[in-house]
1. Packing-wise, with mean Cβ within 10 Å as the measure, how do 279-287, 160-168, 200-208 rank, highest first?
2. Using just the alpha carbons, could you tell me how many Å³ per residue the convex hull of segment 310-349 encloses?
3. Hey, could you get me the Stokes-Einstein D for segment 176-219, Kirkwood radius over alpha-carbon pairs, 4 °C and 1.567 mPa s, rounded to whole µm² s⁻¹?
4. Quick one: dipole size for segment 134-268, taken about the Cα centre, charges +1 on Lys/Arg Cβ and -1 on Asp/Glu Cβ, in debye to the nearest 20.
5. What does segment 299-411 give for Rg and for Dmax, in Å, if only its C-alpha atoms count?
6. With r as the distance between the Cβ atoms of V283 and Q53 and R0 = 25 Å, compute the FRET efficiency 1/(1 + (r/R0)^6) and round to 0.05.
7. Which of the peptides 178-186, 35-43 is most tightly packed, and how do the rest follow, going by the mean number of other Cβ atoms within 10 Å of each residue?
8. About the Cα centre, and with charges only on the beta carbon of Lys, Arg (+1) and Asp, Glu (-1), how big is the dipole of the chain? Nearest 20 debye, please.
Amino acid sequence: MRSSEIRALFAVVSRPEVVSLAGGMPNIKDLPLDSLAESARTLISRHGAQAMQYGSGQGWEDLRQRITEVMTYDGINADPDDVVVTTGSQQALDLVSEIFLEKGDVVLAEAPSYVGALGTFRAYEGEVAHVEMDEDGLIPEALEEMIRRLRAQGRRIKFLYTIPNFHNPAGVTLSEERRPVIVEICRREHILIVEDNPYGLLGFDSDPLPALQSYNPEGVVYLGSFSKMFAPGFRIGWALAPHAIRNKLVLASESAILSPSMVGQMAIEQYLSDYDWYGQVKVYRQMYRERCNAMMAALEDFLPDLQWTTPKGGFYTWVTLPEGLDAKAMLPRAVTGLVAYVSGTAFYADGRGGDHVRLSFCYPPPEEIREGVLRLSRVINAERELVEMFGTNDRAELPDDAVSAPAPDQV
Ligand code: PMP
């Protein structure tokens, strides 16, 4: 196990003078906290004996029923019996890895992919093979080619891990045309799909495209979460899995945690039944759309010659740095310039990504996002001068007097 690049950043970027375009924390300021507090009080006083007790390892049936209703927005028609409630979708990723991965097994994942999933696959000694993507998501031909190449080497592929909607970190969405094609390739090649969909309901203009699960329920483990469509605090997510896998997930979860938090599950069930939760999703969509627009406008204004992805939802855009710049080497100077991002290297298992940064627009308000991108543009322009003069912006390779910025461990 290794500490993630994002975690290492936390202490520095949480200083108030730094505009953080780094973290992926949902912005929950619009939640009706007073009435949620009142609901929590009622929940404990009326149903405390159940809420404060252990529950079923698979998760509370009433909540599993509600979860199947939430999934109808993804075109999924599920039986509550196939749902396993987890402690966030992060636990579901851990359980899937525990069940399937043995040392040296291969997980196919997008290039780039979610840092938290890569860490989990590594913890179970799986090896990630990255498959190229473009503005329309995972490229089917690249997937086929990678499967062919790995099989020719005698490698054992356990599953494809994919984030089809509003990808973290790439910000792109798998097109409707490609969805059945990707599912068909995996069906033909007998490769399970792990479909991770925490951002699906946060499309700026629409409900999500049909889930991969809806094309082949027997070939997909679908992961959902309340962290982004509601709030991460209760730590409730879920997995929807074919029957045989569902049984294993329950056993693995019981041995890890006995049962998911009962009070968390009951609070979420109550939120889904008593609140206009879909109205809240619309409030979030509007807020994130404004923030995304602020980021896109600032990139146009301050870094017009760079390339970045244009998200249709979610939290992130993926920016390609100018030729020769290294995102990791630049980070200390960005933090000195009071702006933070995540280096693209966090999102690859194979050392790539130094030519990219992930910018998130979920947390700071629009004016701060604009200020953050302005600061970033100053840092990038200064780095460009270094590259022009010395051919690199990696301070380890620069002459001693070339830069005055502090070393990475000083910020
Ligand atoms: N998958 C992806 C793609 C994510 O971005 C995140 C959170 N950043 C998770 C899973 C985990 O979320 P949670 O455990 O809060 O459901």
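1. Packing proxy ranking, top to bottom: 160-168, 200-208, 279-287.
2. Working: hull volume 4.1 nm³, N = 40.
For segment 310-349, the hull spanned by Cα atoms encloses 103 Å³ per residue.
3. Rounded, D is 114 µm²/s.
4. Dipole magnitude for segment 134-268 comes out near 760 debye.
5. 13.9, 44
6. 0.15
7. Averaged packing, sorted descending, gives the order 178-186, 35-43.
8. Once rounded to the nearest 20, the dipole reads 820 debye.
The values are calculated or read from the model by the stated rules, or taken from the named source; none is laboratory data. From a predicted model like this one, the values you see are computed outputs, not experimental measurements. Glycine also receives a Cβ, built like all others from the backbone with ideal geometry; neighbour counts cover every protein chain displayed. Just the protein is used for accessible areas: all its heavy atoms, side chains included, with ligands, DNA and RNA removed. Shrake-Rupley method; radii C 1.70, N 1.55, O 1.52, S 1.80 Å.
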